[in-house]
1. Counting other beta carbons within 10 Å of each residue's own, what order do B:ARG123, A:ARG147 fall into, fewest first?
2. Search the structure for amide H atoms under 5 Å from the amide H of A:ALA24, placed 1.01 Å from N in the peptide plane, and list their residues when 5 or more places away or on another chain.
3. So, in nm, how far is label A:TYR312 from label A:SER252 when the simple model puts each one 7 Å beyond its Cα toward the Cβ?
4. Going by how many other beta carbons lie within 10 Å of each one, how would you line up A:VAL248, A:VAL196, fewest first?
5. So, in Å, what gap is there between the alpha-carbon centers of region B:376-419 and region B:520-539?
6. What lysines sit close enough to B:LYS318 to cross-link, taking a C-alpha to C-alpha distance under 29 Å and skipping anything fewer than 8 places away on the same chain?
7. Can you give the mean number of other chain Cβ atoms that lie within 10 Å of the Cβ atoms in peptide A:92-104?
8. Output wanted: per-residue J couplings in Hz (rounded whole) for region A:141-150, from phi through Karplus 6.51 cos²θ - 1.76 cosθ + 1.60, θ = phi - 60°, x for Gly and Pro.
Amino acid sequence: MKSGRLELKGLVKEFGKGQEVVRAVDHLDLVIEPGEFVTFLGPSGCGKTTTLRMIAGFETPTSGSILLDGKDVSSLTPDKRPMGMVFQSYALFPHMTVAENISYGLKVQKLSNDEIQKRVTDVLASMSLDNLANRAPNQLSGGQQQRVALARAMVVQPKVLLFDEPLSNLDAKLRGQMRAEIRSIQQRLGITSIFVTHDQDEAMSVSDRIVVMRNAIVQQVGTPTDIYRAPNSVFVADFIGRSNFLKVTDISSSANGSADVTSLGKTFTVPAHVDAKAGNSLLLVRPESITVSRQPIAGKISGEGVVKTVIYYGEHVEYTIDTANGEIVATTSDPSPAEILAVGEKASFSFEANRAWLLPKA
Amino acid sequence: MALKKHGAKFDIFTKVAIVAVVAIISLLIVVPVLSILFESTKPTGTNVFKSVFSNPVIRGTIKNTVWLGISVGFFGTLVGFILAYIQVRVEFRGKKILHILALVPLVSPPFAFATAVIVLFGRSGIISHDLLGKTPMLYGYPGLVIVLSASYFPVAYLNLVGMMRSLDPAIDEAASSLGASKFRIFRTVTLPLLIPGITSSFLLLFVEAIADLANPLVIGGDYMVLSSRAYIAINGEYDVSAGAAYSALLLLPALLVFIVQRYWSQKKSVVSVTGKPSGQIAPIKSKVAKAPLLIFGWSVAAFIVMIYLAVILGAFIKILGVNNTFTLDHYRYIFSGIANDALKSTVIMASIATPLAGFMGMVMAWLIIRKLKRGADALDFLGMLGIAVPGTVLGIGYAVTFNEPLKIGGITIIPQLAGGGAILGGAIAIMMVYTIRSSPAGQRSGIAALQQIDPSLDEASASLGASGSRTFRKVSLPLIKGAFLTGLMFAFARSMTTLSPVLFIATPETPILTQKILAESDSGRYGPAFALCTLLIVIVLSVMGIINAAVRGRGSTEFKTTLVAG
């Protein structure tokens with residue numbers, strides 16, 4: 001069996017004393033399978049970094065335990081845990097060259113010089129850092145420093161790789177490049193990886209599963225598709241991507257993950273969350289699921305309104321429509337100039353019933 | 001000095017400011033130093049130079065000076081390092097107290113330590129003789145090393161605390177997650193990263209040690225160093241040229257080391273590479289590591305407390321250790337004559353010099369950080385000369401330069417400023433010394449503060465049509481007010497406790513407190529010496545307290561101030 005199975009059981013972390021106790025992580029239970037790439041996503045202060053630091057050993061859990069391949073590692077200090085960490089600030093040793101940085105962990109393991117040499121050369125080559133081996137960290141660009149930090153963490157062959165917002169100091173273009181690189185290396189090596197970020201694009205593009213956190217509590221755990229298409233709360237829907245919430249006047253029947261709802265004066269069948277009940281639910285429709293046109297589109301659910309704003313982005317147009325349901329945001333891809341509506345024009349907005357999602361308010 | 005400066009042309013205010021500070025610094029320190037070099041080329045001076053290699057006595061003096069500097073540099077840095085490490089990396093009760101005790105030696109007259117050490121550990125010292133029945137060889141090298149290390153280690157301590165706090169905790173964590181033990185991290189990461197700070201502390205202490213004059217006079221015994229040799233040449237042998245030559249010999253290593261130190265302290269930019277530091281470094285929990293560190297830390301604290309208790313109590317006791325009866329005689333004695341005038345004139349002169357020094361320091365900082373591009377380093381160096389040039393050298397320089405009026409073509413340009421018969425009893429020369437010795441403290445705190453303020457604020461003011469002087473008064477100065485007041489605090493403390501340069505230029509009309517303490521202590525009247533020390537400490541602490549309260553009362557932003565040599 002592959003190793004690197006991580007189990008978090010009832011993990012709690014409190015900071016402060018007496019009356020001033022703040023709970024940063026509240027009863028977190030999670031199993032991460034070997035080779036899985038799991039991302040903790042949430043706004044700042046939600047407890048995601050604290051969770052990561054407890055897994056690494058830099059914070060001691062107030063209660064609960066952390067199991068690696070069935071063994072409790074909660075009481076081990078960070079240097080005794082077979083985990084590698086990539087830091088937000090990279091934390092390269094400024095007084096060592098790139099090669100010295102990368103060989104640091106190998107020297108700690110007391111490997112032979114030949115073995116160290118070989119592993120360092122290999123990892124430098126695989127990360128295209130060969131010609132930078134003798135540079136000092138402050139002579140490197142942000143992206144290069146990031147690669148060295150990753151190489152340094154990987155070369156000791158840890159069972160788990162931990163990433164603490166590693167891309168937040170890079171510019172947008174490099175960020176995209178690096179996350180693709182991290183993902184492909186991780187898949188090649190099959191190392192269990194845990195990634196912390198507040199950037200939903202990052203989480204969506206690299207993860208096998210995403211753990212959405214808010215105020216110390218896990219909101220939802222699921223694949224990127226689950227999280228985006230079937231969020232379990234307004235918070236998750238809003239945090240990942242953009243959302244329109246339509247009022248639902250009646251839910252007539254619900255079963256097998258779908259429900260008959262009445263909204264916009266029509267009754268239709270939509271996919272639904274199990275907890276969505278009459279009176280507490282909203283209908284989520286993503287902006288890209290909505291088509292804006294002058295006439296209603298046959299076979300789709302549609303409503304009416306007046307165009308409030310039009311923003312032209314080139315590859316798509318974004319509309320805000322004033323409706324009886326409040327403002328609705330819609331994006332239309334690849335618009336031809338003649339099809340673009342003007343501000344003040346009467347508009348129809350339409351969507352396929354199976355693209356909507358019925359979810360509980362909280 | 002990483003903030004960008006634009007190559008705009010200087011406005012009138014900037015030009016005037018540059019010319020003014022350069023002129024003032026030239027008059028206050030460059031000319032006196034050059035006069036020494038000139039004076040030392042006279043016959044008795046050149047004799048000293050000629051015999052440096054042939055005369056074993058002079059060679060011995062030079063060797064003693066360098067060896068003392070190295071020893072104090074080593075022990076002072078070691079003590080400062082351990083205390084800083086405890087402060088930053090160990091959790092324990094009484095952390096604040098230990099911090100304050102470690103800073104106490106900064107504000108006391110340097111030889112209060114020497115006098116107290118003699119009374120406690122000297123030939124008939126309370127602890128050495130009465131308790132242990134021993135007569136240790138305290139006078140000379142061992143006493144000097146103990147006293148100077150104890151007096152100056154706070155400089156290393158402050159330097160290293162600042163540096164340790166600025167290390168990114170993630171660097172330690174990275175090493176830890178790569179499997180390194182705490183001790184391995186200390187050896188391979190923490191220590192190497194602190195080397196620039198350690199080196200620069202060592203060099204600062206080296207300069208302080210070789211520049212010191214008071215302690216070699218009080219506790220040096222037969223261990224002759226260049227500063228005490230120069231003092232004897234002038235005050236004992238009345239040979240100014242020889243004194244100037246010894247000063248020149250002292251100036252050389254002092255300036256050299258100072259320049260090297262500047263180079264090292266600028267290298268510390270290597271510490272933080274990128275990104276923002278995350279979290280705090282996990283404190284040391286292992287009892288095996290904690291216990292010896294804390295025992296050492298509290299021992300140093302106990303030693304400091306003991307010294308100051310001896311000073312404070314000694315002032316109320318007939319003869320400490322011999323006749324331990326309570327008395328107010330010492331205070332009666334000092335207030336009956338020697339203290340009143342000295343107290344008044346010292347406080348007045350320090351109070352005049354302090355704002356001048358503070359203002360000059362701020363103007364210097366502003367020019368260095370905001371205005372000058374090329375030449376900023378040179379101006380910074382010029383401003384720091386007040387610390388780099390040993391007090392002994394400065395004092396002799398003043399005696400040589402200002403004991404006669406400066407005349408060009410029969411017209412008096414500068415009247416006689418120092419020595420007997422000088423105008424205002426030589427007070428002007430003393431205030432000049434105070435100013436130039438204290439302004440570096442203001443300059444350093446001003447630079448530290450300005451570096452944290454966005455330079456575009458200045459540019460915004462200029463683009464709104466404000467002149468250079470208006471920008472300085474209305475934008476820069478208010479923003480660095482906190483640093484300005486902190487600078488004042490240390491400037492005042494430094495003026496009040498300055499001794500070595502004063503010894504060469506004080507006159508009977510303007511008695512100085514520190515000089516009186518030395519005189520009392522020299523003639524074995526330790527009680528009155530302690531009473532004067534206590535008085536001096538009380539004044540310095542009260543003024544610091546007032547300034548500190550003023551800083552907080554204004555609610556200004558708290559600035560980190562870099563302290564240089566107290």
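Nothing in this text is a laboratory measurement; each read-out follows from the coordinates by a stated rule. The structure presented is a predicted model; accordingly, all values stated were derived computationally and were not measured. With ideal geometry, Cβ positions are generated from the backbone for all residues, glycine too; neighbour counts draw on all protein chains shown.
1. Going from least to most buried by this count: B:ARG123, A:ARG147.
2. A:LYS13, A:GLU14, A:PHE15
3. 4.4
4. Details: A:VAL248 20, A:VAL196 26.
By the 10 Å Cβ count, ascending: A:VAL248, A:VAL196.
5. Spelled out, the Cα-based centre of one part sits 30 Å from the other.
6. Partners within reach: B:LYS134, B:LYS344, B:LYS516.
7. Going residue by residue through A:92-104 and averaging, the value is 4.
8. Residue by residue, region A:141-150 yields 6, x, x, 5, 4, 4, 5, 5, 4, 5 Hz.
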